[in-house]
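The values are calculated or read from the model by the stated rules, or taken from the named source; none is laboratory data. Source: prediction; values computed, not measured. Virtual Cβ from ideal backbone geometry, glycine too; neighbours counted across all protein chains shown.
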Amino acid sequence: VEDEVKRALVEFMDKLSPENSTVRLSTNWGWNLSSDPCKDNWVGVSCDDGSTKVRRIVLEKLNLTGTFDASSFCSATSIIVLSLQLNNLTGELPTEIGNCKFLTHLYLTGNQFSGDLPNSLSRLSNLKRLHISENNFHGELPDLPRISGLTSFVAENNKLSGRIPDFDFSNLDRFNLSNNNFSGQIPDVRGKFKAESFLGNPYLCGKPLSNPCPPPSETEQPRKSSSSSSAKQILVYSGYVILGLVVLVFIAFKILTRKKPRKEKPKTEPDENRNRASMVEKSSTTNSGEFRTGRSEYSLTSIETGRIPTLVVLQGGSPTTVNMANGLSFEELLKAPAELLGRGKNGSLYKVMVENGVLLAVKRIKDWGISCEEFDGRMRRLEQVRHQNVLPPVAFYCSRQEKLLVYEFQPNGSLFNLLHGSQSDGQVFDWGSRLRVATTISEAMAFMHEELHEDGVGHGNLKSMNILFNKTMDACISEYGLMVVENQDQSMSPMNSIKTEDLDQLQLPYSTFKVDMYAFGVILLELLTGKLVQKNGFDLPNWVQSVVREEWTVEVFDKALISEGASEERMVNLLQVALKCINPSPNERPTMSQVSQMINAIKEEEEKSISFAP
Ligand SMILES: Nc1ncnc2c1ncn2[C@@H]1O[C@H](COP(=O)(O)OP(=O)(O)OP(=O)(O)O)[C@@H](O)[C@H]1O
């Protein structure tokens with residue numbers, strides 16, 4: 001071990017046990033400059049296999065009474081675990097703790113530490129476990145949710161106060177803030193932690209505690225009990241009554257003046273209620289054929305006037321869907337009961353039930369500035385390029401104002417839901433299944449890229465939400481070719497890390513394939529880490545790259561995969577593929593078929609290892 005590290009550790013120990021240095025020497029603890037922490041087995045020190053780097057320091061229940069000299073300790077950068085539990089250490093947790101950026105485990109429970117927790121604690125981006133219970137820490141918590149890999153945070157029996165920040169509770173397996181002075185509403189813990197984690201904080205409210213938070217009005221409005229205030233209340237209430245009457249008269253007037261045109265078109269009346277949750281509701285005020293806007297959250301409203309073009313049915317869906325779609329008019333589609341599934345940057349998506357209970361997913365595309373002719377051409381081209389793991393469009397509709405695209409509804413959710421969502425219902429998404437998804441998607445993408453290379457049509461918006469599971473739980477790519485990266489708006493595309501000189505080298509229509517490569521790399525990272533791409537400013541590709549740079553590669557993997565015993569070697573191999581895909585220079589990224597070959601090779605290795613397993 002290097003002399004500097006030894007010196008730092010000895011200084012750290014001197015502050016930990018100021019009175020005990022003689023005891024230490026007499027009881028042969030080591031911890032002096034004339035010996036080596038690894039080779040001479042200093043008490044509490046564990047090293048790497050080569051005995052050249054100190055990895056862990058565990059000094060528990062040793063009656064240490066000094067202070068924690070973080071500035072010395074953190075200069076020994078190889079240490080990942082520090083435990084000083086169950087001693088009598090005093091003083092504050094120093095700001096310099098922020099320099100211990102390799103720490104993954106910090107255990108300080110059961111001491112006499114006091115003062116505020118330093119903000120620099122939130123810079124420990126590799127931290128997984130932070131245990132500071134049974135101390136005298138006070139003040140507000142630093143921005144700990146910033147530490148994306150934190151899996152346990154326990155801080156009960158302190159004097160911490162302020163609001164509890166919104167942690168990524170789905171990632172935490174231990175969390176306890178009981179017996180402190182926290183206040184306000186407990187954030188949504190997604191059912192993961194019970195009341196015990198929050199008891200003993202008199203000013204906390206909301207689930208999972210049994211005391212609900214007061215409605216804002218009760219706490220915000222000062223209560224006055226004087227007679228003058230009740231007089232004021234009477235005035236306010238009479239104001240409301242008058243206002244109500246005015247509104248009623250106005251509504252009555254409106255109804256009366258509308259009656260006439262309805263009588264002229266009696267046929268539309270019986271439909272009114274039935275269509276309340278459909279994608280469109282007809283206007284009852286004009287004869288022009290216009291549709292009314294903004295009626296309900298679940299209504300898709302065409303503002304098209306004049307001639308209504310028809311729904312064009314493609315041969316992409318199953319025979320049942322195609323037959324059904326053939327008999328479907330655009331108006332019938334709009335009237336069918338619909339549920340809004342999401343509003344993305346490219347438009348809204350509705351789940352629509354048509355005849356015989358057939359379910360469709362209808363995308364209403366927003367602001368896609370291509371002509372109907374181009375749109376038509378694109379859809380017909382996509383219809384010709386079929387792959388069993390790419391969802392084909394079933395039908396489309398295009399007018400000057402509106403572009404709709406119809407797919408079959410896929411009942412088993414998306415890859416995003418499976419990895420991060422509440423719909424996973426405890427389903428295990430094991431390494432084998434993840435590798436299968438990666439293989440399937442890479443093969444399907446490779447096929448599409450090759451077939452559509454000349455056309456310059458890539459996916460354009462590949463992400464885990466657009467990977468759907470069909471009835472047989474096979475992964476399928478949805479929305480292929482729906483978006484062109486035509487204006488090279490870097491802020492909107494995953495290529496935002498591209499250098500200008502790289503962009504100049506790109507032949508434009510083909511850059512969409514490079515965008516897809518980046519996006520596919522991010523999907524691989526999601527599969528490997530189980531983490532969201534972007535949450536509270538967390539940037540998954542950057543995080544993974546920095547952890548790998550610091551040679552802590554294993555730290556990036558989803559802990560579910562580690563505990564399942566997934567092969568570290570093959571996970572690292574897949575990570576290498578992902579890193580190639582997210583190369584900041586688009587021209588350095590591999591092609592989809594190269595990637596598909598690499599992933600297939602990893603899958604074959606995996607299969608071999610299973611067949612040779614005892
Ligand atoms: N054919 C389908 N069947 C079932 N669910 C679908 C289908 N297509 C999309 N979804 C799901 O519906 C939700 C909303 O989809 P939508 O395409 O609007 O989201 P998005 O991809 O974020 O939007 P955008 O593409 O505009 O960025 C997503 O959870 C998606 O997984």
Within the range 430-478, can you find the residues that are among the polar types (S, T, N, Q) and without any contact (Cβ under 8 Å) to a residue 12 or more places away in the chain?
Ser433, Thr472
So, Gly184, is that one under 27 Å from the mean Cα position of the chain (by Cα), surrounded by 14 or more Cβ atoms within 10 Å (Cβ to Cβ), on the phi > 0 side of the Ramachandran plot and not in a helix (DSSP H, G or I) or not?
yes
Given the condition under 19 Å from Met465 (Cα atoms), touching a residue at least 24 places away in the same chain (Cβ under 8 Å) and either within 14 Å of the ligand (Cβ to nearest atom) or under 23 Å from the mean Cα position of the chain (by Cα) (or both), answer yes or no: does some residue in the range 367-382 qualify?
no
Among the residues of the range 166-184, which ones are touching a Gly at 6+ places or on another chain (Cβ under 9 Å), of a type in the set (S, T, N, Q) and closer than 22 Å to Phe137 by Cβ?
Ser178, Asn179, Asn180, Asn181, Ser183
Considering the range 400-426 alone, what residues qualify as being at pLDDT 80 or above, more than 8 Å from the ligand (Cβ to nearest atom) and not aliphatic (A, V, I, L, M)?
Lys403, Asn412
Would you be able to tell me the number of residues in the range 126-150 that are surrounded by 17 or more Cβ atoms within 10 Å (Cβ to Cβ), assigned to a loop (DSSP other than H, G, I, E, B) and either in contact (Cβ under 8 Å) with a residue 24 or more places away in the chain or not hydrophobic (A, V, I, L, M, F, W, C) (or both)?
12
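Listed here are the residues, each with its yes/no results for (1) more than 16 Å from the ligand (Cβ to nearest atom); (2) touching a strand residue (DSSP E or B) at 6+ places or on another chain (Cβ under 6 Å); (3) at pLDDT below 85; (4) among the small types (Gly, Ala, Ser).
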{"residue": "His453", "(1), (2), (3), (4)": "yes, no, no, no"}
{"residue": "His459", "(1), (2), (3), (4)": "no, no, no, no"}
{"residue": "Glu479", "(1), (2), (3), (4)": "no, no, no, no"}
{"residue": "Ser497", "(1), (2), (3), (4)": "yes, no, yes, yes"}
Hits in the range 364-400 (condition: among the β-branched types (Val, Ile, Thr) and under 16 Å from His449 (Cα atoms)):
Val385, Val390
